[in-house]
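Input: a single structure, listed below in structure tokens.
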Amino acid sequence: MKKFISTGLIVVGLAFVTFGVAAQAPEAGKAKSTLDQVKDKGFLQCGVSQGLPGFSTPDDKGNWTGLDVDLCRAVAAAIFNDPTKVRYSPLTAKDRFTALQSGEVDVLSRNTTWTMSRDTSLGLNFAGIIYFDGQGFMGRKSLKVSSALELSGASVCTQTGTTTELNVADFFRSRNMKYEVVAFATADEALKAYEAGRCDTFTSDVSQLYALKLKLAKQEEHIILPEVISKEPLGPLVRHGDDRWLDVVKWTLYAMINAEEYGVNSKNVDEMLKSANPEVKRLLGVEGSFGEGVGLTNDWIVRIVKLVGNYGEAFDRNVGAGSKLGIDRGQNRLWSKGGLQYAPPVR
Amino acid sequence: MSTQAAGASFVRSELLPDRPPPANLVGIFPLLRERLFSNWLNIALTLMSLAIIVLVVPPLVRFLFIDAVWTGTSRDACVSSSGACWPFIQAKIGQFIYGFYPAELYWRPNLVFIAGALLVLPLLIPAAPLKKLNAILFLGVYPFFAFVILNGGNLDLRRFLIGRFVRLDGLPLVGEVAGLKLVFWLDFLLSGTALLAVAIIASAIIGASARAVAKTLLLVLGCIALALLAVDFDFGLQPVGTRSWGGLLVTLVVAITGIVASLPLGILLALGRRSEMPIVRFASVVFIEFWRGVPLVTVLFFATYMLPFFLPAGVNFDGLLRALIGVTLFSAAYMAEVIRGGLQAIPKGQYEGAASLGLGYWQTMNRIVLPQALVIVIPGIVNSFIALFKDTTLVLIVSIFDLLGQLRAAFSDPNWSSPTTLFTGFAFAGIVYFIFCAGMSRYALYLERRAAHGSR
């Protein structure tokens, strides 16, 4: 023991010196744009959640999957022609903005609601809306309620300390409906209480309702009501001060939405290159030089669609009908199909 | 003769054979009455314990084994059962152990686990030979071996000391041999020589033996060179950044580094706090009180997200390394206070006795005080180790996924989301943590008993 202590001390000191020296990363010029830095690094550092069903979650093989993840993969596909050149930083809700501000991550794609205060006071920019979320209700089928407007007199299970509680109050009071809130510290507790019959309905963001529904023993006995009573537009963020990078991320998202609108998907993209439609020609870089405008090559959207897919494919695969969640497209339909997803044209 | 014969009739030459105990003390019922139902309080306690066992154990067994689902490929297998969903653990076990480490490279963490076990076990068994060599291998060589194997080595070293002030990149020596950048090693050579020169001049001025100083410095520089060589050399391993590490691997890396590094640091701090040199004492007190006054969560958060604001641009410490340093310094402060308790328990006579034998400070500490003090505080030390082992889960807040973090991430997989997934996962994590913590505390008990034999 005696000798070990002094040996140990020396070794610990040595180890820290060595790794301290070793850990110095090569110099990264401060003035370099984020796009150039990402190109130099050879990968995109993407901030995601620590696990949110359908948006960012590791699958059985340990690969991150989800709608938020697919945006990062699309950016990587646009830059590197390889959607796997992404490294993920799973961030908590508290430290996500700090991580982006300090440069830990290049893009934050972590189901973050776009609000004015976040957009204006954090030194960050939202690069579009990837998912229109909003608060909804889940109820038992046996209640025979088909709309949230019929919920008068209902008791509502919810998570405490979030805006959901306030939204419920606004919704019921503005319609002169009676209600009773039963609040719990965590969503899981609230769900347990709802399942045990403590309340008639359970409220949370719709995407979370679908995820929590999977945890119910008899999920076929419950339905999610169509009304959405709040606005929770989720989108990716980048740092202030690098508009070129904002353009890259924003137009990656728009490219996926536009691709869906013009019917370009991962399977037909090669045929679509021969399309006579001028919109499609511009989108796929056959005409014009829009890719070079954001510092990439002109076939960047071809790569995104081929390697990751268009918005509809990503939605379907991660949260929509093709996934266990089975979320209804709802507000996330294209504008041309009665939804809100709308991307400015490529021209 | 006759008196002898008479005496023999009074004094027994042999003991009476043992008689069986009274019939009412034999068998299981008297034992139960004695142990469990001797008075009203005992009866109440026994009944209460029985009630708890009846309430807890059968449902637990039913959940974990009887009702449990053992095979399946997705949530569909588990959704209708009320027992544990073991296929979930099965599907995610790789992530629980290795995190996001590439599956085709699992042999590397495995190699590190096996080597670690082979080196630790003989250290823990008192009868095993070659303790000193073993300790050097485990403390000195193993960390670098583990780092190179796990990370892949071949770090991009560019500047040592002089290179930070003078640009050496312009020299024609910009080549690279087997992953070793010549500029860096030139820098190292120059810096080493400069340090040596400074040390020799300094020792000449203060009148110390230049030879001894140079020898020590050379030894230290040599060790640093070896360590750097190990992490800089290109072994042809595919690099796997610490970002991809996770699960039990990270739990063990953080816990073992914390445990191994905090003990010597803690001893030093404890000695410093009881030192008679005011500056040393003051520095130790400030250090200990600072780290004890700050929650570990704050330390980790600061190290990960605030540090980049203060460091010059381009200087970027690895996230796991930052967490490791934070955890080590934090636990060293606690360790120091535990050890100080032991130091204070050593009677003054021990110090005086050592002084009367002409032993110096370090000899006294090494040979007389610490061996006694450390044995006294074994329970405290192990307590700290166990606390540290469980505290490692806090690295989750700095986006490093230890076992629990990996578990939570796995919960979010809609493919496995079912009514029992949550409980299954936590049951699994509880079992794993229990095995490690109970193992540590049993070993400490054994050490204590062994030390008690020695002092009896």
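The values are calculated or read from the model by the stated rules, or taken from the named source; none is laboratory data. Just so it is clear, the model here is predicted, and its values are computed rather than measured. Neighbour counts run over all protein chains shown; Cβ positions are idealised from the backbone, glycine included.
Can you tell me which of B:LEU196, B:LEU263 is outside the structural domain of B:LEU105 (by TED's automatic domain parsing), modelled with pLDDT of 85 or more and not in a loop (DSSP other than H, G, I, E, B)? Answer to the check: B:LEU196. The residues in region B:382-436 that are within 19 Å of B:SER82 (Cβ to Cβ) and of a type in the set (A, V, I, L, M) can be counted, and the count is 2. Cβ-Cβ contacts under 7 Å between residues 6 or more apart (or on different chains), taken from a first residue in region A:135-161 that is under 15 Å from A:ALA193 (Cα atoms) to a second residue that is β-branched (Val, Ile, Thr) and in a helix (DSSP H, G or I), are listed as A:VAL156/A:VAL168; A:THR158/A:THR164; A:THR158/A:VAL168.
Taken together, the criteria place A:ALA314 among residues that are modelled with pLDDT of 90 or more and in contact with an Asp or Glu (Cβ under 9 Å, 6 or more places away or on another chain). In region B:268-280, the residues that are over 21 Å from B:PRO371 (Cβ atoms) reach residues that are in a helix (DSSP H, G or I) with C-beta atoms within less than 9 angstrom, at least six apart or across chains, in these pairs: B:VAL280/B:LEU271; B:VAL280/B:GLY272; B:VAL280/B:ARG273.
Where residues in region A:271-281 are more than 27 Å from the chain's Cα centre (by Cα) and touching a residue at least 12 places away in the same chain (Cβ under 8 Å), which of them is surrounded by the most Cβ atoms within 10 Å (Cβ to Cβ)? Checking each candidate, the answer is A:MET272. For region B:396-411, a tally of residues being among the charged types (D, E, K, R) and surrounded by fewer than 22 Cβ atoms within 10 Å (Cβ to Cβ) returns 1.
Looking only at helices (runs of 4 or more DSSP H) that lie completely in region B:336-440, which have at least 1 residues being of a type outside the set (S, T, N, Q), over 30 Å from A:GLN45 (Cβ atoms) and in contact (Cβ under 8 Å) with a residue 12 or more places away in the chain?
Fully inside region B:336-440 and qualifying: B:348-356, B:370-376, B:378-391.
Looking at the structure I just gave you, is B:PHE138 within 11 Å of chain A (Cβ to nearest Cβ), modelled with pLDDT under 90 and in a loop (DSSP other than H, G, I, E, B)? So B:PHE138 does not fit the description; no.
The single condition from (1) of a type in the set (S, T, N, Q); (2) touching a Ser or Thr at 6+ places or on another chain (Cβ under 8 Å); (3) within 28 Å of A:GLY339 (Cβ to Cβ); (4) buried (at least 22 other Cβ atoms within 10 Å of the Cβ) that A:THR112 fails is (2). Selection within region B:154-166: residues that are within 10 Å of another protein chain (Cβ to nearest Cβ) and in a loop (DSSP other than H, G, I, E, B). The member of this set that is nearest to the chain's Cα centre (by Cα) is B:LEU155. Would you say A:LYS141 is more than 14 Å from every other protein chain (Cβ to nearest Cβ), of a type in the set (Lys, Arg) and closer than 21 Å to A:SER204 by Cα? When the stated conditions are applied, A:LYS141 passes them. Considering region B:70-90, and only residues there that are modelled with pLDDT of 90 or more and touching a Gly at 6+ places or on another chain (Cβ under 9 Å), the residue that is farthest from the other protein chains (Cβ to nearest Cβ) turns out to be B:TRP86. Against the conditions (1) of a type in the set (Phe, Trp, Tyr); (2) part of a helix (DSSP H, G or I); (3) surrounded by fewer than 20 Cβ atoms within 10 Å (Cβ to Cβ), B:PHE330 satisfies every one except (3). Residues that are within 14 Å of another protein chain (Cβ to nearest Cβ), basic (Lys, Arg) and crowded, with 19+ Cβ neighbours inside 10 Å do occur in region A:214-223. Among the conditions (1) more than 14 Å from every other protein chain (Cβ to nearest Cβ); (2) free of Cβ contacts under 8 Å to residues at least 12 places away in the same chain, the only one that B:ALA103 does not satisfy is (1). Based on this model, can you work out whether B:ALA208 counts as part of a loop (DSSP other than H, G, I, E, B) and not assigned by TED's automatic domain parsing to the domain that holds B:TYR446? For B:ALA208, the condition - part of a loop (DSSP other than H, G, I, E, B) and not assigned by TED's automatic domain parsing to the domain that holds B:TYR446 - is met.
In region A:167-212, the residue that is surrounded by the most Cβ atoms within 10 Å (Cβ to Cβ) out of those that are under 23 Å from A:GLY153 (Cα atoms), within 27 Å of the chain's Cα centre (by Cα) and within 11 Å of chain B (Cβ to nearest Cβ) is A:LEU191.
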